[in-house]
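The values are calculated or read from the model by the stated rules, or taken from the named source; none is laboratory data. Predicted model only: the values in this text are computed from it and were never measured. Neighbour counts are summed over all protein chains in view; Cβ atoms, including those assigned to glycine, are modelled from backbone coordinates with ideal geometry.
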Amino acid sequence: MKAFRFKEWKKSAQLEDVPVPDPCPGEVLIKVGGAGACHSDLHIMHEFDPASLPGLDGWQLPMTLGHENAGWIEAGDLAAYPHLELGAPVVVSPTWSCGVCAPCRQGATNYCEQEHLAGGIGRDGGLAEYMVAPAQTLIPLANLEPWKAAPLTDAGLTSYHAVKRCLPLLTPDATAVVIGAGGLGHMAIQVLRELSGCQIIVADTSETALKMAGDLGAHVCLPSDGTTADEIRKATGGLGATVILDFVGIDATLALAGQSARQRSEIVLIGIGGGTFPFQFGALPYACSLVTTYGGSTGELAELVALAEADRIHPHIEEFPLDQVASVYERLHKNEISGRAVLRP
Ligand SMILES: [Zn+2]
Ligand SMILES: [Zn+2]
C-alpha cells in the first residue's frame with residue numbers, strides 16, 4: 001500500500017510502498033477514508049528532533065505521518081467492543097492513552113501520564129491506504145462520511161478542548177479572540193458560536209481567512225497588523241478580551257494575545273509556532289493565566305462528533321488524492337490552503 005513515510009529528522013516525508021499493517025490484540029485495521037494535513041506535520045518534518053524536544057525520544061522512525069484520521073473498520077477482534085462492527089465508519093481519536101492513570105480515569109485522556117504516542121505522532125498514522133489503531137480510540141460515525149469527519153479529530157478536537165475548558169469564563173458579556181483562522185481556528189470559531197453566547201473576534205493576516213471567519217459567525221474580523229490590539233480594546237469597551245486563543249504561537253501573535261488581555265483573562269497557546277512571551281510582574285494584567293493545551297480527550301471527540309452529526313459545525317475542506325500529499329504540504333507551508341486539506345487514498 002502507499003504511505004507517506006517520514007524517515008529522518010529534518011527531512012521531508014515521501015510516498016512509498018509498504019506492507020499493509022497487522023493489528024495486534026486490542027487493535028483494529030482501518031481502511032483510511034481521509035487524513036488531514038496538519039501544520040504540525042511541517043514542524044515535525046522540518047524543525048523537530050529528539051535533542052530539541054525530549055517528548056520525541058520514544059518515536060520510532062520511519063513512521064507514516066497523519067494524525068487526523070477516519071475510515072472504515074477493515075479487520076480486528078471486536079468482541080470486547082459491542083459499539084463497533086466490521087465495515088463501520090469511524091474516526092480515530094488522536095490520544096492513544098493508557099486508560100488507567102489518574103488523568104485517564106478522570107477522562108482527560110489527552111493528558112495521560114503514560115502515553116503520548118498515537119497514529120502520526122510517533123506511530124504509523126493515516127496518510128496511507130490502511131492504518132492500525134487501538135479499538136478503544138474509535139468513535140463510530142452515523143451519517144458523516146469519514147473524509148469529511150477526519151478534520152474533527154485534530155483541527156476540531158484541539159479547538160473544542162481549548163474552548164470547552166474556558167466555558168465558565170465565556171458568559172454572554174464576554175469576548176473570545178481567535179488568533180489565526182486556519183485549520184484549527186476556523187473550527188474554534190464554530191465551537192465558540194455553538195457552545196457560548198460570547199462575542200467572537202478573529203485576527204488573521206489572510207483576507208480569505210477573515211472572510212471565512214465572518215461567514216462562520218465571527219462578530220469582528222480584524223487584519224493582523226499594528227492596529228489589531230487597539231481594535232480589540234475598542235470592541236471590548238476598552239477592557240480587553242476574556243479568553244484569547246492563539247492558534248499560531250509566534251512572537252507577534254503571543255504579543256498580540258498579551259496586549260488583548262484584561263484582568264483575569266485566560267490566554268491559551270495552541271499553535272506551535274515556537275514564539276516566546278517574556279513573562280514578569282506587569283507583563284500581563286493581574287490574575288491572567290497563560291496556558292498551553294494538548295489535543296482533546298476521546299470523550300470530547302465523541303461530543304464534537306455529535307455536534308457535527310447534528311449539522312451544527314462544518315470543517316471547511318479542500319480534498320486531494322493521496323498521490324498529491326507532498327504538494328499539499330508545500331501549499332500548506334505557503335499558507336495556500338483554506339480551512340483543512342484532507343488526503344483521500
Ligand atoms: Zn495536528
Ligand atoms: Zn493514562
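Tabulated values for the structure
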| quantity | calculated |
| --- | --- |
| Test for residue 136: is it touching a Phe, Trp or Tyr at 6+ places or on another chain (Cβ under 9 Å) and either within 16 Å of ligand 2 (Cβ to nearest atom) or part of a loop (DSSP other than H, G, I, E, B) (or both) | yes |
| Within the stretch 159-178, considering residues that are within 20 Å of residue 298 (Cβ to Cβ) and among the hydroxyl-bearing types (Ser, Thr, Tyr), the one surrounded by the fewest Cβ atoms within 10 Å (Cβ to Cβ) | 160 |
| Single residue of 309, 266, 300 found to be of a type outside the set (Ser, Thr, Tyr), touching a Phe, Trp or Tyr at 6+ places or on another chain (Cβ under 7 Å) and at pLDDT 95 or above | 300 |
| Flag if residue 153 is within 16 Å of ligand 1 (Cβ to nearest atom) and either closer than 14 Å to residue 33 by Cβ or hydrophobic (A, V, I, L, M, F, W, C) (or both) | yes |
| Residue 82 being outside any helix (DSSP H, G or I) and surrounded by 20 or more Cβ atoms within 10 Å (Cβ to Cβ) | no |
| The stretch 51-75, residues that are buried (at least 22 other Cβ atoms within 10 Å of the Cβ) and either away from ligand 1 (no atom under 16 Å from the Cβ) or assigned to a strand (DSSP E or B) (or both) | 63, 64, 69, 70, 71, 73 |
| Residue selected from the stretch 97-116 under the condition surrounded by 14 or more Cβ atoms within 10 Å (Cβ to Cβ) and polar (S, T, N, Q), by the criterion nearest to ligand 1 (Cβ to nearest atom) | 110 |
| Residue match in the stretch 18-29 (condition: within 30 Å of residue 316 (Cβ to Cβ), within 16 Å of ligand 2 (Cβ to nearest atom) and modelled with pLDDT of 95 or more) | no |
| Failed item, numbered, when residue 142 is tested on (1) more than 16 Å from ligand 2 (Cβ to nearest atom); (2) assigned to a strand (DSSP E or B); (3) over 16 Å from residue 297 (Cβ atoms); (4) touching a helix residue (DSSP H, G or I) at 6+ places or on another chain (Cβ under 8 Å) | (2) |
| Residue within the stretch 83-94 that is touching a Cys at 6+ places or on another chain (Cβ under 8 Å), within 16 Å of ligand 2 (Cβ to nearest atom) and closer than 20 Å to residue 302 by Cβ present | no |
| Cβ pairs under 7 Å, 6+ apart, first in the stretch 98-116 and assigned to a loop (DSSP other than H, G, I, E, B), second within 16 Å of ligand 1 (Cβ to nearest atom) | 107/297; 108/297; 112/95; 115/96; 116/55 |
| Count of the stretch 266-288 residues which are surrounded by 14 or more Cβ atoms within 10 Å (Cβ to Cβ), without any contact (Cβ under 8 Å) to a residue 40 or more places away in the chain and not aromatic (Phe, Trp, Tyr) | 6 |
| Checking residue 169 against (1) within 16 Å of ligand 1 (Cβ to nearest atom); (2) more than 27 Å from residue 148 (Cβ to Cβ), the condition it does not meet | (1) |
| Every residue from the stretch 306-320 that is in contact (Cβ under 8 Å) with a residue 24 or more places away in the chain and more than 18 Å from residue 339 (Cβ to Cβ) | 309 |
| Of all residues making up the stretch 3-50, the number that are under 23 Å from residue 153 (Cα atoms), among the charged types (D, E, K, R) and within 16 Å of ligand 1 (Cβ to nearest atom) | 1 |
